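The structure under discussion appears below in the form of structure tokens.
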Amino acid sequence: MCGIVAYIGHRQAYPVIIKGLKRLEYRGYDSAGVALLNHNIKLYKKKGKVANLEETVLGQDLEGSVGIGHTRWATHGEPSDRNAHPHFSATGKLAMIHNGIIENYAPLKQELIKKGYRFKSETDTEVLLYFIEEIQSNNDCTLEEALRIALKRVVGAYVIVLIDQDHPDMLLAARKGSPLVIGIGKGEHFLASDATPIIEYTREVVYVNDYEIAIIKPDELVLKNLGNERQTPFIQKLDLELAAIEKNGYAHFMLKEIFEQPHTIYDCLRGRLDIGQGVITMSGIQNNLEQMKNASRILIIACGTSWHAGLVAEYVIEDLCRIPVEVEYASEFRYRNPIVHKGDMIIAISQSGETADTLVAIERAKEQGAVILGVVNVVGSSISRVSHAGAYTHAGPEIGVASTKAFTAQLTVLTMVALLIAKERKTISNDRYIQLLNELNEVPEKIKRVLDNAAHIKEVALKYKDALNALFLGRGYNFPIALEGALKLKEISYIHAEGYPAAEMKHGPIALVDESLPVVFVATKDSFYEKIVSNIQEIKARKGKVIAVVTEGDQVISEMADDVLPVPEADELIAPVISTVPLQLLAYYMGVAKGYDVDKPRNLAKSVTVE
Ligand code: F6R
């Protein structure tokens, strides 16, 4: 979703901002713009990619060591040059960028229209900027004071950054609900939606908190709350390598991230899983183990792929810990009147740690006294900070919009959490515990074997790339993997795909089956194997084309299916981490074969910071 970059210091701002906007392209956007301050404000913006903006500004005056830049994912008003950010204030003395949604923009706009203001765009951002300027002129106060007054009236989520022609040595920023990181350099500051545009300049960063205003000068960073009280900036060191946010020879970030999985799972296990001692160490979890052990129920809240990880966790936790688990879409949970009992434990899962629906759902659950355990990938993100306890997935930056390595890392972390709780509750035998620890330890090696088969998966992908629809079926632990396989295919290749529990097929979807429908079965050897063999027969009897993810050496399904994607044998509880990988590759190769931009699929955003 919208990306923000801003700079103040001794360098030329434009190159820093453009490079930063390119680093944020993965978030998804449909227009881009930049405003530079050098005596007066020069503003350039363009529908489309950052590259279009670069063409537009060729030969223009790009001087200035203060500037703001933005990639916009349209909410209020279509993607267009006019609606792109930054926006000018009514007098043209201020310019502003905004990420988030001002929910009460309509009454504010009416108020301003009555006073004679006319707007150039359809955005909520322009309304907020005019409102701030109106307050400043009415109250004859500083811009900082006007901003504080305005923000007290604003309903919604925002990160905003302002430049002021009358104060060329200052940037003003504020945050509520959307992310903002400030990088601290020598005589310079960098602002961005996440750390990726900042990493090559400095490792010292401050994550701005909700309801804080930042007054930023080249040599000074002041944080205040909306009550005008100074806050102490908490400076953190970024633990991120530049290589992690570059493609390193891969055609796409998505492919790189799929191939990184042996390494990311290893990183996720490292320091936690001690095979020699037969123990798992996760301090964030262990400090709250008593509450988790005694939880009468576990509620999992998440969206999209993270929700699928939650579904796998439901099977694993109920199986190993014998605690009832419910998995909720965060977007539904937040708007219902959910029942959260004292003693319930909430697990919130999120790659970005910024998903607006998940964040608000956490707030709702906290209001009812729940303890929140965050399973998050992005270090320092909002969800990691509002959780009572947590475990990072340590998958590293995920740039491809479709989640791949973050998903397998989520599954790994959630399995370790379940094992810790089960051990504490004594609902698992020591032999089974040790067996699963060993199985987890073998996952990186087994994923490597799946990746070695990428050329075959590509062949299968090319064979089916022209399908219009696809069905993904699985049972038990493999059912959520079928859902995830379908989601990957639809978002990357735009082929309509549905995931179902295999047995549910008879209750409706089987009507779709004919010789043109590929049906992907996740059919590894587990306790449902015989049942899924029958389901495959039912599809073959209706001339459907069967692609099956099978355990290496499987003879029975291999003879029935049109194509098989073998994966190494694994315990059924661990198998999902492995059997999801061929489906990621299948989606990737189909998307590429169809000529789509798999790293930035249409209409999608990496970090969904609006509801
Ligand atoms: C799909 C995908 C999305 C995200 C969802 C939640 O490939 O990436 O479905 O899983 O938007 O995002 P996070 O995990 O950042 O909360």
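Annotations
- For region 401-413, filtering for residues that are within 18 Å of LEU483 (Cα to Cα) and either modelled with pLDDT under 95 or hydrophobic (A, V, I, L, M, F, W, C) (or both) leaves 6.
- Single match in GLY310, GLY304 (criterion: among the small types (Gly, Ala, Ser), open to solvent by 20 Å² or more (accessible area, probe 1.4 Å) and modelled with pLDDT of 95 or more): GLY304
- Residue satisfying condition, being under 21 Å from TYR29 (Cα atoms), within 14 Å of the ligand (Cβ to nearest atom) and either in contact with a Leu (Cβ under 7 Å, 6 or more places away or on another chain) or open to solvent by 10 Å² or more (accessible area, probe 1.4 Å) (or both), within set THR404, THR355: THR355
- Any hit, region 51-60, residues being touching a Leu at 6+ places or on another chain (Cβ under 7 Å) and at pLDDT 95 or above: no
- Test result for LEU411, within 16 Å of the ligand (Cβ to nearest atom) and closer than 17 Å to VAL316 by Cβ: yes
- Among the residues making up region 491-531, those that are at pLDDT 95 or above and among the β-branched types (Val, Ile, Thr) are ILE492, ILE495, VAL519, VAL520, VAL522, THR524.
- One residue stands out in region 181-212 among those that are farther than 19 Å from THR609 by Cα and not in a loop (DSSP other than H, G, I, E, B): the one that is most open to solvent (accessible area, probe 1.4 Å), namely GLU204.
- Of residues in region 1-16 being touching a strand residue (DSSP E or B) at 6+ places or on another chain (Cβ under 9 Å) and in a helix (DSSP H, G or I), the one nearest to SER65 (Cα to Cα): ALA13
- Test: residue in region 107-122 that is buried (at least 18 other Cβ atoms within 10 Å of the Cβ), among the aromatic types (Phe, Trp, Tyr) and assigned by TED's automatic domain parsing to the domain that holds LYS19: no
So that you can scan it fast, the table gives a plain yes or no per residue for (1) crowded, with 22+ Cβ neighbours inside 10 Å; (2) within 21 Å of ASP124 (Cα to Cα):
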| residue | (1), (2) |
| --- | --- |
| LEU21 | yes, no |
| SER31 | yes, yes |
| GLU63 | no, no |
| ARG72 | yes, yes |
| HIS87 | yes, yes |
| ASN104 | no, yes |
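- Annotation: of all residues in region 414-429 being polar (S, T, N, Q) and touching a residue at least 24 places away in the same chain (Cβ under 8 Å), the one that is nearest to the ligand (Cβ to nearest atom) is THR415.
- Scanning region 371-389 for residues that are crowded, with 23+ Cβ neighbours inside 10 Å and either near the ligand (Cβ under 10 Å from one of its atoms) or within 19 Å of GLN291 (Cα to Cα) (or both) yields LEU373, GLY374, VAL375, VAL376, ASN377, VAL378, SER381, ILE383, SER387.
- When ASN99 is tested against (1) under 24 Å from the mean Cα position of the chain (by Cα); (2) open to solvent by 40 Å² or more (accessible area, probe 1.4 Å), exactly one condition is not met: (2).
- Among the residues of region 313-354, just one is out of contact with any strand residue (DSSP E or B) (no Cβ under 9 Å at 6 or more places or on another chain), modelled with pLDDT of 95 or more and not in a helix (DSSP H, G or I), namely ARG322.
The values are calculated or read from the model by the stated rules, or taken from the named source; none is laboratory data. Not measured: the values here are computed from a predicted model. Here the Cβ is made from the backbone with ideal geometry for all residues, glycine too, and neighbour counts use every protein chain on show. Just so you know, the surface numbers come from the protein's heavy atoms only, side chains and all, with ligands and any DNA or RNA stripped out. Shrake-Rupley method; radii C 1.70, N 1.55, O 1.52, S 1.80 Å.
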